[in-house]
Amino acid sequence: MRIEPTKIEGVHIIHPVVHGDERGYFMESFHAAQMFESLGKKHEWVQDNESSSQQGVLRGLHYQIPPMAQAKLVRVSRGAVLDVIVDLRKDSRTYGQSLSVELSAKNKAQLLVPRGMAHGFLTLEPDTIFCYKCDQYYSAENERVLHWKDSDLNISWPIKDPMVSAKDQQGEAWKDFDSPFTLSNS
């Protein structure tokens, strides 16, 4: 696998080696030793999640506060998404900046999202299946949401009026956000 750093420290795009022929393909979607060797950080994944969404669904921008903060390894097994993260680590040089990456069943790219990031995605194709590993269990009482359309975040979503849950429509404004995250707890 090839691991590509991004402009946000700790966030990496992972490109698996895909072996294909007329029958189909094979790939290792996760290899702990290779990731540790490349990143120098070991993740203990404790929960796998999968969601199915129609085209034009936006989920996010979600995060969990310490002590239940989560790192995620995300990918798409069917369809395509615009995956978006926002750096919430107040001592990071990219604090408040976002990163958008297209993940799809076709490109098979994955995104490693460390703790201290808000995360969301917008489905670009019908019947998209989004899969992700987490290094901490889901905790409803520790979950928070930043507003996906906050003008201070200036995220360029390619669909003007996506389908968004009531919870996500009521996300917190960036100007009201008080970060519990630092680089050391990510």
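Tally the residues that are polar (S, T, N, Q), in contact (Cβ under 8 Å) with a residue 40 or more places away in the chain and either over 22 Å from ILE14 (Cβ atoms) or surrounded by fewer than 14 Cβ atoms within 10 Å (Cβ to Cβ) (or both), restricting the search to region 121-157. Even if it seems obvious, please write down each step before you answer.
In the first step, residues of region 121-157 are kept if they are polar (S, T, N, Q); the result is 123, 128, 136, 139, 142, 151, 154, 156.
Okay, now just the ones that are also in contact (Cβ under 8 Å) with a residue 40 or more places away in the chain, so 123, 128, 136, 139, 142, 154, 156.
Filter once more, keeping what is either over 22 Å from ILE14 (Cβ atoms) or surrounded by fewer than 14 Cβ atoms within 10 Å (Cβ to Cβ) (or both): 139, 142, 154, 156.
Total satisfying the criteria: 4.
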| message | I'd like to check something: does region 1-10 contain any residue that is within 14 Å of the chain's Cα centre (by Cα), at pLDDT 95 or above and either of a type outside the set (Phe, Trp, Tyr) or assigned to a strand (DSSP E or B) (or both)? | response | yes
| request: Could you check, for region 70-77, whether at least one of its residues is out of contact with any strand residue (DSSP E or B) (no Cβ under 7 Å at 6 or more places or on another chain) and charged (D, E, K, R)? | output: no
| field | Set VAL84, VAL113: member being closer than 17 Å to LYS149 by Cα and at pLDDT 95 or above | value | VAL84
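Residue by residue through region 102-120, note down the ones that are in contact with an Asp or Glu (Cβ under 9 Å, 6 or more places away or on another chain) and either crowded, with 20+ Cβ neighbours inside 10 Å or without any contact (Cβ under 8 Å) to a residue 12 or more places away in the chain (or both). Break it down into steps so the answer makes sense when it comes.
Here is the first cut: in region 102-120, the ones in contact with an Asp or Glu (Cβ under 9 Å, 6 or more places away or on another chain) are 102-105, 109, 111, 113-120.
Within region 102-120, LEU103, LEU111, VAL113, PRO114, ARG115, GLY116, MET117, ALA118, HIS119, GLY120 meet the criteria.
The values are calculated or read from the model by the stated rules, or taken from the named source; none is laboratory data. These numbers were taken from a predicted model, which means no experiment stands behind them. All Cβ positions, glycine included, derive from the backbone under ideal geometry; neighbour counts span all protein chains shown.
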